[in-house]
1. With N set to the residue count of the range 180-259, report its C-alpha Rg divided by 2.2 N^0.38 Å to two decimal places.
2. Which number comes out as Rg/Rh for the range 81-154 once both Rg and the Kirkwood Rh are worked out on C-alpha atoms?
3. Going highest first, how would you order 269-278, 246-255, 115-124 by mean Cβ packing within 10 Å?
4. Given the C-alpha atoms of the range 342-455, compute the convex hull and give its volume per residue in Å³.
5. Could you grab the relative contact order for the chain? Cα pairs under 8 Å, six or more apart, rounded to a whole percent.
6. So for the range 345-395, what are the equivalent ellipsoid semi-axes in whole Å, largest first, each being the square root of 5 times an eigenvalue of the Cα gyration tensor?
7. Using bins 5 angstrom wide from zero, how does P(r) for the range 239-373 break down, in % of all Cα pairs?
8. Mean residue ellipticity at 222 nm from the helices of the chain, using -39,500 (n - 2.57) per DSSP H segment of n ≥ 4 over the full residue count, to the nearest 500 deg cm²/dmol?
């Protein structure tokens, strides 16, 4: 692809995946070995497109949920009851199903980190034979390895992948700092240059930078997957210390030129479209409505690099079958449909989640999606990329873990409290949560032999 720094084809870059299994250190200490079971025997007389209930933590925001039901699932020949699940109750719902024997949930849609806990508890059917029987395409092999959690059983099938990027209105481009052009934004933008850019814009037009810091915004992912890895090279192991203090000092400066309404923004597409924000960071699925509305008005590009590299967070979602599923054939039929080549392409077009199968990306994407694809593939090919996974294996402690980062943001950036003091308190809170969950370290932190130790 011409815009890629390595000039790789779209398929070649995508084939790498957003993060590799070897980078995860699987087979070692990054995830519990799966103890998934075979599940209930398959009854070949069951109708392949019988009704199936999908419990999912993904595609739950209103716009994504509507597109999933009305477009992605519309051609499916069976009846699908989609039940959105909150991260804090997701594992408990599945556990109740398992405890009751044969349940109502046929398919689980969740992130890799959520499946880690279910696999460790033996709540998932082994889908190895199902993956091997698929002859119409090949899953990205590194993602199949990831889904085995260091064992041999396949806990889920890869469904879709996404990440976070930046988008700027073209109004912002005349104020780029010296040495940067639209063409070099994708490879030469640093956090220092981003701050200088936002300050220049603010001096002319007021604070026009934006972050999704609202109640359901993904601000915590900006901290976990972008700032901390880029400034400190880690997350749990580097939560405090001089590099972390420097990061928070930088963020305070950025906030001074950030639209204060950011504390109400759950997604950045509307603030970009209205002009309240000229420059924003968010999830691909939450930015794509702006690019589709008027693609000529925006430019998409990877997040900046910092002292330790270009931190970014790959979001890997999968489809699994609980051992209590009432109709295994119907469960597998839905998974088969959602992972077909044409449906993976449809998912990209509609909700900006990328395929997890070895397939050429569609050549007829709309201009807005094409811009997003370019930004993501360029980031994937970046030589200084520092991948950082969403939390792995935290179970019911996932939400308080994320809230700890949001609380630190409020205390340091909004309220102006002493940075080392806040980080010391946050480190103690995080250690308590990691210990309660018996969670090991995950990328970008180095592997741990036991519970991850906060640094």
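1. Relative to the 2.2 N^0.38 Å estimate, the range 180-259 comes out at 1.16.
2. Checking Rg against Rh, the ratio lands at 0.98.
3. Peptide ranking by packing, descending: 115-124, 269-278, 246-255.
4. In the range 342-455, the Cα convex hull volume per residue is 174 Å³.
5. About 27 percent, as a whole number.
6. Equivalent-ellipsoid dimensions as semi-axes: 23, 16, 10 Å.
7. Here the calculated profile for the range 239-373 is 2, 8, 14, 15, 15, 14, 11, 9, 7, 4, 1, 0.
8. -11000 deg cm²/dmol
No value in this document is a laboratory result; all are computed from the given coordinates. Values in this document were obtained by computation on a predicted structure and should not be read as measured data. Neighbour counts run over all protein chains shown; Cβ positions are idealised from the backbone, glycine included.
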